[in-house]
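So the structure is just underneath, and the comments pick up after that.
We did not get these values from a lab; they are worked out from the coordinates using the rules stated. Bear in mind that the values here come from a model prediction, so they are computed numbers and not experimental data. Quick reminder, even Gly has a Cβ in these numbers, built from the backbone with ideal geometry, and neighbours come from all protein chains shown.
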Amino acid sequence: MTSLEIASPLIAIAQKTRSSAFKLAVLSTEAKNQAIEAIAIALESAKDEILQANIADCKAATADGIAKPLYKRLQLDEHKLRDAIAGVRDVGKLADPVGKVQIHRELDTGLVLKRITCPLGVLGIIFEARPEAAIQIVSLAIKSGNGVILKGGKEAIRSCEAIVKAIKQGLAPTAVSPDVVQLLTTREETLELLNLDKYVDLIIPRGSNSFVRFVQDNTRIPVLGHADGICHLYIDQAADIAKAVNITVDAKIQYPAACNAIETLLVHASIAPEFLPKVATALQEKHVELRGDGRTVKILPHINSATAKDWETEYSDLVLAIKIVDSLEEAIAHINEYGSRHTEAIVTEDLAAAETFLGFVNAAGVYHNCSTRFADGFRYGFGAEVGISTQQMPPRGPVGLEGLVTYKYQMTGDGHIVATYTGANAKSFTHQDLV
């Protein structure tokens, strides 16, 4: 052990988390579910303390000039907290992802191979201002048998401390050690966490593209990247106008600070003269600032002109860029050039156009005739999510329990040796899948 390891408090925390995670990994489903219910009860009991901590965070963040979209994510009211606690209980109702037999195969008489799901180990989750994310992440980590080290945004420190305090109190009398959940509070700890590849098995950063890249460039730990949400909605020439207006409004204003809200609206030229005035009226009634390309401004002369930067910007606010395109192919090309591979949608009554869009757009979520706001672990029935992965490799999209387990191969024999199956008189394998 090096002097750095001896001196570092974070090393001790990570060791404690890993040790507790080993014990959690082999607990029964019933024991884990009891712990999850205990967390829900503890959070309900600590409701007032958590909400007061959030009020203090919001006041401090306002004094520091926090950006409007970040402030919306930081706010944790009674409704959000109630939903988060309901999400904890939903996770408890989900099937246990650990111990599932994926392969059960006889290699030869008495020689049997199994592939069985198991926890990853210890997760390092670095997330932005949204404090309820800590609640979702912990419930998913425990159900999947993983320890978790949390690092919330500095603006949410009081909220996260109150939440983690309640969670640890809830776990104390259960079979799950409170040490499986840890909270870091400083930037220095974040940098040190990235070097703990001996103790941490996966890092999940939730933030900007630049932040995710920074994490990827500064760690040897595997990174599941959740970066910007530059989402598009394409209104095809065969779109139902009323349907298209409703979907556009929902995808932009239902929660504009969310990563699955649309930032760019693409409209086919043949439908633009009829559609754009109607959707502009609906959006501007909701105080959305519109920015359009040259052709859009000709139809909507009262809006601002878009620049090249608008096509690559995640506003997370009531701002929407609009571009007119001449074909489905041009819309797909624009999305694949500027999209963040998060969630993209088409509105059309032409099934062939929809199939083309769904097939050729490269994103974790591709939708037809519905709002991009459905890209969410809770709405997918995952109970909650640790984040939305925009990477190409799985897990992709909203990451729930299935993204937090790996697998191991178990083999049982009776004195079997490889020499039996090699050479001139080699015995053949049976390779028979078992029920």
Problem set entry | Charge dipole magnitude, Cβ of K and R +1, D and E -1 - segment 231-374, Cα centre, debye nearest 20 | 360
Seminar exercise, completed: Simple SL model, points at 7 angstrom along Cα→Cβ for Glu355 and His287; separation in nm is 4.5
Exercise. If you project the alpha carbons of segment 218-366 onto the principal axes, what extent comes out on each, in Å, largest first?
Worked result: 53, 34, 26
Exercise. Mind checking Rg over Rh on segment 72-216, alpha carbons, Kirkwood formula for Rh?
Worked result: 1.05
Exercise. In the chain, how does Rg compare with the Kirkwood Rh, expressed as the Rg/Rh ratio over alpha carbon atoms?
Worked result: 1.04
Exercise. Summing -39500 (n - 2.57) over the DSSP H runs of n ≥ 4 in the chain and dividing by its residue number, what mean residue ellipticity at 222 nm do you reach, to the nearest 500 deg cm²/dmol?
Worked result: -12500 deg cm²/dmol
For this session: Could you calculate the FRET efficiency of Gln52 with Ala172 from 1/(1 + (r/R0)^6), where r is the beta carbon distance between them and R0 is 25 Å, rounded to 0.05?
Result: 0.65
Seminar exercise, completed: The summed charge of the Glu337 Cβ neighbourhood (under 13 Å; Lys/Arg +1, Asp/Glu -1) stands at -2
Exercise. Within the set Lys16/Lys168; Lys59/Lys165; Lys143/Lys168; Lys93/Lys114; Lys47/Lys93; Lys68/Lys93, which residue pairs have Cα atoms separated by over 24 Å?
Worked result: Lys93/Lys114; Lys68/Lys93
Problem set entry | Lysine pairs with alpha-carbon atoms under 21 Å apart, segment 231-374, spacing 8 or more or separate chains | 15
For this session: Run down the aspartates and glutamates and flag those whose C-alpha is under 17 Å from the C-alpha of Lys408, throwing out any fewer than 8 positions away in its chain.
Result: Asp96, Glu106, Asp201
Seminar exercise, completed: Among trypsin sites (Lys or Arg not before Pro) in segment 218-288, those in a DSSP loop whose Cβ has at most 16 other Cβ atoms within 10 Å are Arg220, Lys286
Exercise. By how many nm would the segment from Ala269 to Lys309 lengthen if fully extended, with 0.36 nm per residue of separation less the alpha-carbon distance?
Worked result: 12.2 nm
Seminar exercise, completed: If the chain between Glu188 and Asp240 were fully extended at 0.36 nm per residue, the gain over the current Cα-Cα distance would be 13.4 nm
Exercise. Put a dot 7 Å past each Cα toward the Cβ at Arg213 and Val435; how far apart are the dots in nm?
Worked result: 5.6
Exercise. Spin-label point model (7 Å from Cα, Cβ direction): what's the Ala333 to Val418 distance in nm?
Worked result: 5.3
